[in-house]
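**Student:** Pasting in a structure now, in structure tokens, and then I'll have a few things to ask.
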Amino acid sequence: MGELLGTFLLVLLTVGSAANAVLEPRLSPGAYGYDAVALGSGLAVLVGVLASRELSGAHLNPAVTLGLALGGLFPWRLVPTYLLAQFLGGFLGALGAYLAYRDGLLARGLPNVFSTGPGFLRTAPEALYGWSGPMVAEVLGTFALMAVILFAGRDGRLLPLWLALTVAAVGYGLGGPGGFALNPARDLSPRLLAWLLGVEGAASPYAWVPALGPVLGAFLAVALHRYHRA
């Protein structure tokens, strides 16, 4: 329940931030209010972690769960339950954001505010990136997030704030190429909903990038942590 609730809130507010930025741009045409996306995503992590940390430890991310299990910091027998709850929470969060913004999204022809992609929130010819840049950004961004979890984890009371600021920093620093999913449940579950709704591009094979990149980034951070402890 903790993972479902926390991931639900995280994705609800993250997808909602993207929808709000696209439907109500505060900057020049085409700018899409990126500040709202970066800061909104960080604050969404803060809300999700605060709501669920006492229930489940607030992983809220399959890459985090798999990384902790690989590092011997979480039992493998609980991994399937956590992953299922995270992906289900992500789907329900995306559905909640869709229902909240349904009228605006339909009026705009259902833009893809649900999942990430090259040149996040941009359309061709503005999407200048292939897959390699976004993959590097996902790996490095999740490496940064997982490093904060592992090395700042003892600072329990303030850790949710550090995580929120880390996600916002990654959004500003590495979000341009692909949209800083940093979390397979944040991308794949909303992507599934987008596909069911008929959103253009939702079924792109690019989905492998936000699915695998965060897991690889988390594993690299765990490897560094284990080396540090050795």
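The values are calculated or read from the model by the stated rules, or taken from the named source; none is laboratory data. Computed from a predicted structure; not experimentally measured. Here Cβ is always computed from backbone atoms with ideal geometry, including for glycine, and neighbour counts include all displayed protein chains. All accessible areas refer to the heavy atoms of the entire protein, side chains included, with ligands and DNA or RNA removed. Shrake-Rupley method; radii C 1.70, N 1.55, O 1.52, S 1.80 Å.
**Student:** For segment 57-81, which positions are over 16 Å from the mean Cα position of the chain (by Cα) and closer than 23 Å to residue 160 by Cα?
**Tutor:** If the condition is that a residue be over 16 Å from the mean Cα position of the chain (by Cα) and closer than 23 Å to residue 160 by Cα, then 57, 68, 69, 70, 71, 72, 73, 74, 75, 78, 79, 81 are the ones that fit.
**Student:** Okay, moving on. Residues being of a type in the set (Ser, Thr, Tyr), at pLDDT 90 or above and under 17 Å from residue 104 (Cα atoms): count how many of those fall in segment 17-47.
**Tutor:** 1
**Student:** Hey, another quick one. Could you please let me know if residue 114 is in a helix (DSSP H, G or I) and of a type in the set (Phe, Trp, Tyr)?
**Tutor:** Here the answer is no, as residue 114 does not meet what is asked.
**Student:** Consider segment 113-135. How many of its residues are open to solvent by less than 80 Å² (accessible area, probe 1.4 Å), among the hydrophobic types (A, V, I, L, M, F, W, C) and modelled with pLDDT of 85 or more?
**Tutor:** Residues that pass the stated criteria total 3.
**Student:** Are any residues in segment 202-218 in contact (Cβ under 8 Å) with a residue 24 or more places away in the chain and farther than 19 Å from residue 132 by Cβ, and if so, which ones?
**Tutor:** Matches in segment 202-218: 202, 218.
**Student:** Here's something else I'd like to know. Exactly one condition in (1) on the phi > 0 side of the Ramachandran plot; (2) more than 15 Å from the chain's Cα centre (by Cα) is not met by residue 182; state its number.
**Tutor:** (2)
**Student:** Among the listed residues 66, 110, which satisfies the condition of being at pLDDT 90 or above, closer than 20 Å to residue 182 by Cα and open to solvent by 20 Å² or more (accessible area, probe 1.4 Å)?
**Tutor:** 66
**Student:** Only residues that are surrounded by fewer than 24 Cβ atoms within 10 Å (Cβ to Cβ), outside any helix (DSSP H, G or I) and small (Gly, Ala, Ser): list them for segment 179-216, please.
**Tutor:** 198, 201, 202, 203, 204
**Student:** Also: Among the residues of segment 182-208, what is the count of those that are at pLDDT below 95 and within 24 Å of residue 12 (Cβ to Cβ)?
**Tutor:** Of the residues in that region, 9 qualify.
**Student:** Residues in segment 217-228: is at least one open to solvent by 10 Å² or more (accessible area, probe 1.4 Å), closer than 19 Å to residue 37 by Cα and part of a helix (DSSP H, G or I)?
**Tutor:** Looking through segment 217-228, none of the residues is open to solvent by 10 Å² or more (accessible area, probe 1.4 Å), closer than 19 Å to residue 37 by Cα and part of a helix (DSSP H, G or I).
**Student:** So which residues in segment 88-107 are open to solvent by 70 Å² or more (accessible area, probe 1.4 Å) and not aliphatic (A, V, I, L, M)? Lay out the reasoning, then the answer.
**Tutor:** Here is the first cut: in segment 88-107, the ones open to solvent by 70 Å² or more (accessible area, probe 1.4 Å) are 88, 99-100, 102-103, 106-107.
102, 103 - these are the residues of segment 88-107 that are open to solvent by 70 Å² or more (accessible area, probe 1.4 Å) and not aliphatic (A, V, I, L, M).
**Student:** Here is a list: 23, 78, 55. Which entry is without any contact (Cβ under 8 Å) to a residue 40 or more places away in the chain, more than 18 Å from residue 193 (Cα to Cα), in contact with a helix residue (DSSP H, G or I) (Cβ under 9 Å, 6 or more places away or on another chain) and surrounded by fewer than 18 Cβ atoms within 10 Å (Cβ to Cβ)?
**Tutor:** 78
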